[in-house]
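Q: First, the structure itself, so that you have it in front of you.
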Amino acid sequence: MEDQATGSARDAHSLPKCYRHPDRETGVRCTRCERPICPECMVSASVGFQCPECVRGTTAGQSGPPPAASRPRTLAGGTVAADPRLLTKILIGINIAVFLVELSVGDSFTNRFDLIGQAWFPQYGDVEGIAQGQYYRMLTAMFLHDSSSPMHIVFNMLSLWWIGGPLEAALGRARYITLYFVSGLAGSALTYLLAAQNQPSLGASGAIFGLFGATAVLIRRLNYDMRPIIALLVINLIFTFSGGIAWQAHIGGLVAGVITGYAMVHAPRERRNLIQYGTCALVLVATVVITVVRTAQLT
């Protein structure tokens, strides 16, 4: 009985076998199809390792495209795209295009779309702001940058490329763009709630801090070294509280990114979509509640 119990305990704690080399134990799985792979079968990817079949875009023993059930998926369950950075490139392009419009048109354009709670604008002869029903400002402010300081957009776009690209590849396009906008809107809502009502705010930092938060969760999930991302976050937070920066957007985006990112990478496969998008919906509901409360305070 003792030998049998010992053998059972050993089997329960044994590692899975490589699907291509059944005689080799391994603790690593392909980030696309999640099959166990040994060091000989590991192909380094932007996030984690992939098996040879997923790298080639086919499954063993098949010719042509794989069926939907076995089609390679990202770590979060998204579809693997031919260009894993496409949405990041599009977001950068939109931000740069809007910045060029700001330079061309001037403050009259920026003042119409930045985030401001409520303020009197002499040039318009009226009170403007989110409290006056201009809720679009919470979204449009995410694509505006300080035209008098080019380093504002340069720093944000470099951060978006370095952080956003790998995260898009790990999550898939739908989950990535959802995370981006949820984090950005959460940052706008916290700014609206806590900042002075006549203090304008703009920038993609809220959404980008959300990507920082989700990246930290992803790195922890993959058991990678956390020190680089923690150091980067600390440096950014120091700049955030050094003055002249809308820290509310950064903190709001970061918190939303951590919550949403955790749901994205830790949701069990059988309830993945429900948990992932349900969490996004809950964060958006919280954003709406914050917005309604602040509007009630100002009107």
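The values are calculated or read from the model by the stated rules, or taken from the named source; none is laboratory data. Being a predicted model, the structure only gives us computed values, none of them experimental. We place every Cβ from the backbone using ideal geometry, glycine too, and count neighbours over all the protein chains shown.
Q: Among the residues of the range 207-239, how many are part of a helix (DSSP H, G or I), without any contact (Cβ under 8 Å) to a residue 24 or more places away in the chain and not basic (Lys, Arg)? So that I can check it myself, show each step before the final result.
A: First pass over the range 207-239, keeping only residues part of a helix (DSSP H, G or I): 207-221, 227-239.
Then drop every residue that is not without any contact (Cβ under 8 Å) to a residue 24 or more places away in the chain, which leaves 219-220, 227-235, 237-239.
Still in the list and also not basic (Lys, Arg): 219, 228-235, 237-239.
Counting residues in the range 207-239 that are part of a helix (DSSP H, G or I), without any contact (Cβ under 8 Å) to a residue 24 or more places away in the chain and not basic (Lys, Arg) gives 12.
Q: Considering the range 82-100 alone, what residues qualify as being part of a helix (DSSP H, G or I) and in contact (Cβ under 8 Å) with a residue 12 or more places away in the chain?
A: Scanning the range 82-100 gives Leu86, Leu87, Thr88, Leu91, Ile92, Ile94, Asn95, Ile96, Val98, Phe99.
Q: Still on this structure, I have one more. Quick one: count up the residues across the range 106-125 that are touching a helix residue (DSSP H, G or I) at 6+ places or on another chain (Cβ under 9 Å) and modelled with pLDDT under 85.
A: Of all residues in the range 106-125, those touching a helix residue (DSSP H, G or I) at 6+ places or on another chain (Cβ under 9 Å) come to 109-110, 112-118, 121, 123-124.
Still in the list and also modelled with pLDDT under 85: 121, 123-124.
So the count comes out to 3.
Q: In addition: Kindly provide the set of residues from the range 238-290 that are small (Gly, Ala, Ser) and either crowded, with 21+ Cβ neighbours inside 10 Å or closer than 30 Å to Glu34 by Cα (or both), ordered by number.
A: Hits for the range 238-290 are Ala246, Ala249, Gly252, Gly253, Ala256, Gly257, Gly261, Ala263, Ala267, Gly278, Ala281.
Q: Then there's this: Condition first: more than 18 Å from Ser205 (Cα to Cα), among the β-branched types (Val, Ile, Thr) and assigned to a helix (DSSP H, G or I). Now tell me which residues in the range 101-157 satisfy that.
A: Within the range 101-157, Val101, Val105, Ile130 meet the criteria.
Q: Considering only residues of the range 247-271 that are among the hydrophobic types (A, V, I, L, M, F, W, C), under 17 Å from Arg73 (Cα atoms) and out of contact with any Lys or Arg (no Cβ under 8 Å at 6 or more places or on another chain), which is modelled with the lowest pLDDT?
A: Among those that are among the hydrophobic types (A, V, I, L, M, F, W, C), under 17 Å from Arg73 (Cα atoms) and out of contact with any Lys or Arg (no Cβ under 8 Å at 6 or more places or on another chain), it is Ala267.
Q: Restricting attention to the range 136-147, does a residue exist that is at pLDDT 95 or above and under 30 Å from Gln50 (Cβ atoms)?
A: no
Q: Being assigned to a helix (DSSP H, G or I) and either without any contact (Cβ under 8 Å) to a residue 12 or more places away in the chain or not assigned by TED's automatic domain parsing to the domain that holds Leu185 (or both) is the filter here, so list the residues in the range 241-277 that pass it.
A: Residues satisfying the conditions are Trp247, Glu270, Arg271, Leu274.
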